[in-house]
Every structure is written in C-alpha cells, then in structure tokens.
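A short worksheet on the structure shown next.
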C-alpha cells in the first residue's frame, strides 16, 4: 500500500456560520454536541490511514494556533512541522498547491498518495470511511480520484458527479449545486453522485494533471513552499474542482459506503451542536434558534433562524441563507469588528471572554490551559488588575515571580513586563480588569513567547 499523506483543509473565513464562526474562529473549530469540533473529527479520521508525520494541517496564520491546539488535544506530540501556513485569499486550490509543495520539500516519493480532506464533514461510520479511502488510494496510483456519495434526495445544496455505471467508475462531468429540477433529473438518471470534496492522487498524478491545465502553476509548485509563497499572486484564484479536477485527463470516482453530511450552513449546523433550545412559538412555524440559556419567543413569524453570538444577534430568513456570506463581507467593508472577531478570543495558551467594556475599562474572564503561559509582554496604554478565581497562577511582574491562589490579586502598572502561567493540571481562571485611555488588543509588545509570536 502506498504511503498516504493527508492534507486537512482547515483555513476559512468564518462567513457561512457567522456569528458562531468568525475569521479568527472558522466553523471547523466550533464544538459539536460531544465537545469535539469538525476539525478534530477530521483529524481523528486522518489518523486511521496516515502516520502522524504524514498529516498536514493547511490553514492560515490567524488560525494556526486553533489547529495546533485542537490537534494536540488528541495527539499531544503532534509536531509543529505539521502546520502548513497558506496566505489568506483565493479559493482552495492553493491548499492543494501548498500540500504538494510540502511533499516536494520533504522529498516524499512521487508514488505517495495525497488526500486533500475537507474539515467540515460529519462521518459516523469511520471504519467504512477508512476502507473507502484505502480503495481510493489504490486507484490513485494511476488516476485522479474523487469520492462520491449516492444521493438520497434531489438536493441543490451539493455538487454532483456524473459517472459511468461500470467499475471503476469514470467521471464524465461535474455540476456545481444545480437547481431542484435539474437535481431531480440527476437522481432519476441513476449515474450521478454527490461530490464530497475529497481529492486523491499520487504526487506524480497531481503534478502531471496540473501541468496539463496550469503549466506555470506546476512550475511554481515544483519549487516547493518558498516558491509557492513567493509567487502566490500567480496561483489560480479558483477551487480545486474548477482549476484541475474538471479538466483532468484521467478521473475516477469511488462510491462511498459511509454516511456523510456537509455542515455547510446554519440550518444544518445548529442541530449538530446538540444543545436544546427553548422556543415558545405562537402562531409561528419552522423557527430555528441558537440562543443558549435564553427563551426565544416567536410570535407570528415563520422560516426564521435566530442566532445569538453574544456580541451580535442574527435574524435570518431560511430562504436567504445563501446571502449570509455577502452580508458578512459588507459588515467587514463597513468596519464592524464583529465581522471577524468573536467576543471570545482563542489563544494558543487558552481563552478569554470580554464580560463588559466601556469608556476607560474592559473586564475579561481568562482561562489558561494547564502547562501553558502567555507571552512575556508589556502594554503602553493600559494597566491591568488580575484576580484568581480558581486554579494556581505563576505570575511574573518585572523581575519578581510568585504564585497566586484563589481570591488573591495582582496589579500590573502601564509598561510593566508581565506574564501569567498555569503550572497545575487543572484550568486556571482569573478575572482581568483593564483600565486606560486605549484598550485595543494591538497595544502589546511581546518580549518572549512559547508560540513563536515575538
């Protein structure tokens, strides 16, 4: 069996599930009912067919710590080198380009198989998934392979693959999200499958197919990651499907035997969170809500999605779900920080939540992961007050280091070097009160950092 390298595509802009997801916290990292994220489920599946050193997390700089932290929650020894950082912008073909370039840099043999893996799928039968992937990898020695799911309804939410009925199934055409009438025709024809978004091929096969349709791009990739980053503006803007799959000379599809769902929008994602919602409905119908801890009262309305992002409130008609991404783009262009950033900040050392803020002050709840530490830092425009709620804090202020226990506090003047660490095996929780004329997150100078942020 060929060596299998899995590239998990886990960047994203956080628009389709906004406000649950943001640019700094895309949908892949949002926890589901069992506490694990879609990304973590994809990571676990990758471990079934690939060695740890053959799993690549293809993400953006803003999400590298999300990916690494969630991977290490499953495999604490997952290496930093498993992160492959792609620039923001452009669709997912550049993810494939980064994965291929990384394989070339590592001198991985050209008959090794690359699996470009979406990170937003729910697959319960992971054993059947593993079998399907092994079959696809076998065919991928000589062909470009995709995985298709037999459609169960004439859905307009998925792309379709037209293929031969004989094994191995030859792909004849891709169709992206057809209208319902066309989808009904596909279902009746019997030779169409839903496109799962998996792209599988040997390093040699992918490079050959890219050379046929994008020779300049193939030359860039052949130069490795430095070449990809130096020439990023020359790479195609479009998706893997559009750039190479639809033009491939030798395309096959493997029919999957596993259950599959693509949690691509709020309507499908909200039930997967598994949190019971309190909705009182009066003369209303088909109202979905994601409003944790609050009673939603619906009167005389129908076909609505209501999402409480704590710093935002979204009210969306179900017929307008496809317009959400464009609305987020508009919010960004108008300068609304909520378009990109969550009230909860995810950092490599833990999490903070903004509890309250106003002129001259901001109150945060900070949770530091066991064994982790913030950077050694200074602020030029604000002072801070820390009060430990639970756990033990190892604090540094200036040249002094000491422990703080619950109900103990510390004052950090403007300009003082400081750091907080959690030396224990349980989470450290503290309340931070900031005071000053400017309280932006960019008022920080890092002097030392365990996560390469200096």
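Read the figures in this text as sums done on the coordinates, not as results from a lab. Keep in mind it's a predicted model, so treat the numbers as computed, not measured. Note that each Cβ is placed from the backbone with ideal geometry, even for glycine, and that neighbours are counted across all protein chains shown.
Summary of values
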quantity	calculated
Mean separation of Cα contacts under 8 Å, 6 or more apart, over the residue count of segment 4-261: relative contact order %	24
Beta bridge orientation in segment 4-261: antiparallel %, DSSP, nearest 5	55
Counting DSSP beta bridges with both ends in segment 163-318, the antiparallel % (nearest 5)	45
Histogram of C-alpha separations across segment 32-105, 10 Å bin width, %	18, 52, 28, 2
Extension gain from residue 267 to residue 108, taking 0.36 nm per residue of separation minus the Cα-Cα distance	53.1 nm
Computed [θ] at 222 nm, helices only, for the chain once each DSSP H run of length n ≥ 4 contributes -39500 (n - 2.57)	-6500 deg cm²/dmol
Mean separation of Cα contacts under 8 Å, 6 or more apart, over the residue count of segment 348-448: relative contact order %	39
Spherically averaged projected area of segment 192-242 from its Cα convex hull (nm²)	4.3
Prolate/oblate/rounded call for segment 274-373, Cα gyration tensor, a/c under 1.5 rounded	prolate
Efficiency of FRET between residue 279 and residue 238 - r from beta-carbon atoms, R0 45 angstrom, step 0.05	0.65
Förster radius 22 Å - calculated FRET efficiency between residue 417 and residue 361 (Cβ-Cβ, nearest 0.05)	0.45
Over the chain, equivalent-ellipsoid semi-axes from the Cα gyration tensor in Å	41, 29, 19
Three-way shape label, segment 4-261, alpha-carbon gyration tensor, a/c 1.5	rounded
Residue order, fewest to most surrounding Cβ atoms within 10 angstrom, among 312, 49	312, 49
Between segment 185-248 and segment 343-412, the Cα center-to-center distance that results, in Å	46
Potential extension, residue 448-residue 230 segment - 0.36 nm per residue separation minus Cα distance	75.6 nm
Per-residue Cβ neighbour rank within 10 angstrom, fewest leading, 225, 9	225, 9
Gyration tensor (alpha-carbon) shape descriptor, segment 275-334, a/c threshold 1.5	oblate
0 to 90° range, to nearest 10: angle between helix 203-213 axis and the chain longest Cα axis	80
Relative contact order %, the chain, counting alpha carbon pairs below 8 Å whose residues are six or more apart	14
Contour excess over end-to-end distance, with Cα ends at residue 250 and residue 188 and 0.36 nm allotted per residue	19.7 nm
Antiparallel %, DSSP beta bridges [both residues in segment 275-334], to 5	35
Cα centroid of segment 99-127 to Cα centroid of segment 1-75, whole Å	13
Sites residue 323 and residue 152 - FRET efficiency at Förster radius 22 Å, r taken between beta-carbons, to 0.05	0.25
